[in-house]
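S.K.: The structure that follows is given in the form of structure tokens.
The values are calculated or read from the model by the stated rules, or taken from the named source; none is laboratory data. This one's a predicted model, so the numbers in the text were calculated from it and none came from an experiment. Positions of Cβ are backbone-derived with ideal geometry, glycine not excepted, and every protein chain shown enters the neighbour counts. Surface areas here come from the heavy atoms of the whole protein model, side chains and all, with no ligands, DNA or RNA. Shrake-Rupley method; radii C 1.70, N 1.55, O 1.52, S 1.80 Å.
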Amino acid sequence: MPALSRDEVAHLARLSRLDLTPAELDQLDVILSAVARVAEVAAADVPPTTHAVPVVNVTRPDRRRPSLTQAEALAAAPAAENGRFRVPRILDEEEQ
């Protein structure tokens, strides 16, 4: 990655409509130099990683099994209407 000069950084800042102070431009130069050093270290034969250790998702397999019927599920509901749970309205008409 070719390094950007301080003038190029200032030019990019102006194009991006960023009003950077001279001290901020100097800080960006330090940051860009550090990024360039990291890019030098990265090797093509090293695969990219997102975690330092392998991550495994522990889940159980999906299996069909008996469940409640609609009538059984609604039997314990405080209110039901047309085969569905009835709940209080939480939005006003104009908010929908």
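S.K.: Checking the a/c ratio against 1.5 first, then a/b against b/c, what shape does the Cα gyration tensor give for region 41-96?
M.R.: Verdict is oblate for region 41-96.
S.K.: So with the 1.4 Å probe, I'd like the accessible area per residue for the chain, rounded to whole Å².
M.R.: Normalised by residue count, the accessible surface of the chain is 98 Å².
S.K.: Where a ≥ b ≥ c are the square roots of the eigenvalues of the C-alpha gyration tensor, would you call the chain rounded, which needs a/c under 1.5, or, failing that, prolate if a/b is larger than b/c, or oblate?
M.R.: Here the chain falls in the oblate category.
S.K.: Once phi is turned into ³J(HN,Hα) by the Karplus curve 6.51 cos²θ - 1.76 cosθ + 1.60 with θ = phi - 60°, what whole-Hz value does each residue of region 70-80 show in order, with x for glycine and proline?
M.R.: Here the 3J(HN,Hα) series is 4, 5, 5, 5, 7, 4, 8, 6, x, 8, 9 Hz.
S.K.: Residue 6 label point, 7 Å along Cα→Cβ, cut-off 20 Å on backbone N: hits in region 28-56?
M.R.: Within reach of a label on residue 6: 28-37.
S.K.: Suppose the chain between residue 23 and residue 46 were pulled fully straight at 0.36 nm per residue; how much longer would it get relative to their current alpha carbon spacing?
M.R.: 4.7 nm
S.K.: Pairing the Cα long axis of helix 22-41 with the longest principal axis of the chain, what angle in degrees results, from 0 to 90 and rounded to the nearest 10?
M.R.: Once rounded, the angle reads 80 degrees.
S.K.: I would also like to ask the following. Would you calculate a helix-derived [θ] at 222 nm for the chain, using -39,500 (n - 2.57) for each DSSP H run of n ≥ 4 and dividing by the full residue count, to the nearest 500?
M.R.: Mean residue ellipticity at 222 nm (helix-derived): -11500 deg cm²/dmol.
S.K.: Given a cut-off of under 8 Å on Cα pairs at least six residues apart, what relative contact order in percent is computed for the chain?
M.R.: Computed value for the chain: 18 percent relative contact order.
S.K.: For the chain, find the longest principal axis of its Cα atoms and tell me its angle to the long axis of helix 6-15, 0 to 90°, nearest 10.
M.R.: 40
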